[in-house]
Amino acid sequence: MTDLHRQAARAAAFCLGLAACASHAQTAAAPSPTVAFKPFAEIATYPGRDAPAQAVALNRTQLAAEVSARVASTHADPGERVSKGQVLVRLDTRDYQLALERAQAQLRAAEARLAQADAQLRRTRALQAQNFVSPEALTQRETEVEVVRADVSVAANAVDLAQRNLDKCVLRAPYDAIVRTREASAGSLAGAGMVLMTLEDATRVEVSARVAPRDLASLRAAKSVEFVSPAGRSAVRIARVSPAIDDASRTHEVRAAFTGTRAPAGAEGRLAWTDPAPHVPAELVTRRDASGGGSLLGVFVLRDGVARFVELPGAQEGRPAASTLPADARIATDGRNSLRDGQKMP
């Protein structure tokens, strides 16, 4: 090899050495990822919850005829609001009026017989005191009075029954209601038990909601609950929670009472509330391998200068996770993906 070639080789080796030193210097100078920690109280979120719900009337009544008669007139139409005691349907009363008059006549006849029997009993007692009649005759008169008195009671009951049947020819609203349907029409024959109108309570309206078991605790602890529907937002309070779980939906039925503006019966919407428990934001929930296999979801917390992985039981990826960490717990935000459990922080 010539001297020229040796000099060129030495120059190339020198350049390579300089490049390696520069690369090493750049690597040594590269800063480690920055990890930021913030108090839990600063990053905690309080997610909103909701459940499908509907405003339902507490009372829904099928107003039916109790006696058979022809419909004389109707006094309310579907969609109309009616007041308690308002006449809704009148039936033809002529047959029942005649029955009442007949029962009243039978009662008067029985009362007349009773008056006669009482007079005869008084005369018999006076004669028996003078020994003009036997004791057996007196007993017979007393028995006759009791029999006629029983007849009077039967006749009086018949009058009451006839009056009740006559009263049943007028059907009234049992409460303030909205007429949902009207099956009765003037001139049609109404049989006993035939539905003439369907009423829905206009004042006693509740919210019926289907709530998942995991949301019951937050619903009970919520400071405010609302029913949100196309009619607007209405404040409600939880009235009852069914302990039974529906087989089809796997939810509890929750009944809520309106405390403010009442939504109309039949309105569909959502039961909405804010979870009062602090949650770790979904983007800060980190997955790490578990020692026994599998993986866990949790957050990194700074403790005595060391990053510790704290599991969040029940956490789901992509959703905020409830946590019982203290408000001043410092949770990793930036740079958390590169952390290891037990890693010392500068």
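Here are some notes:
- Hey, Glu317 without any contact (Cβ under 8 Å) to a residue 40 or more places away in the chain, assigned to a helix (DSSP H, G or I) and of a type in the set (D, E, K, R) or not: no
- The numbered conditions (1) farther than 30 Å from Phe309 by Cβ; (2) of a type outside the set (Asp, Glu); (3) surrounded by 15 or more Cβ atoms within 10 Å (Cβ to Cβ); (4) out of contact with any His (no Cβ under 9 Å at 6 or more places or on another chain) are all true for Ser188 except (3).
- Meeting the requirement of 2 or more residues that are out of contact with any helix residue (DSSP H, G or I) (no Cβ under 6 Å at 6 or more places or on another chain), of a type in the set (Gly, Ala, Ser) and crowded, with 18+ Cβ neighbours inside 10 Å, the strands (runs of 3 or more DSSP E) wholly within the stretch 219-300 are 268-274.
- Checking each residue in the stretch 134-174 for being at pLDDT below 95, open to solvent by less than 40 Å² (accessible area, probe 1.4 Å) and farther than 16 Å from Ala115 by Cα picks out Ala137, Leu138.
- Taken as a whole, the condition of being in contact with a helix residue (DSSP H, G or I) (Cβ under 7 Å, 6 or more places away or on another chain), farther than 24 Å from Ser68 by Cβ, open to solvent by 80 Å² or more (accessible area, probe 1.4 Å) and in a helix (DSSP H, G or I) does not apply to Arg108.
- When Leu216 is tested against the conditions (1) closer than 30 Å to Arg330 by Cα; (2) out of contact with any Asp or Glu (no Cβ under 7 Å at 6 or more places or on another chain); (3) part of a strand (DSSP E or B), the lone failure is (3).
So that you can scan it fast, the table gives a plain yes or no per residue for (1) touching a helix residue (DSSP H, G or I) at 6+ places or on another chain (Cβ under 8 Å); (2) within 30 Å of Ala76 (Cα to Cα); (3) without any contact (Cβ under 8 Å) to a residue 40 or more places away in the chain; (4) part of a strand (DSSP E or B):
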{"residue": "Thr124", "(1), (2), (3), (4)": "yes, no, yes, no"}
{"residue": "Gln128", "(1), (2), (3), (4)": "yes, no, yes, no"}
{"residue": "Thr143", "(1), (2), (3), (4)": "no, no, yes, no"}
{"residue": "Val159", "(1), (2), (3), (4)": "yes, no, no, no"}
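The values are calculated or read from the model by the stated rules, or taken from the named source; none is laboratory data. The structure presented is a predicted model; accordingly, all values stated were derived computationally and were not measured. As a convention, Cβ positions derive from the backbone with ideal geometry for all residues, glycine included, and neighbour counts pool all protein chains shown. Areas reflect the complete protein model, heavy atoms only, side chains present, ligands, DNA and RNA absent. Shrake-Rupley method; radii C 1.70, N 1.55, O 1.52, S 1.80 Å.
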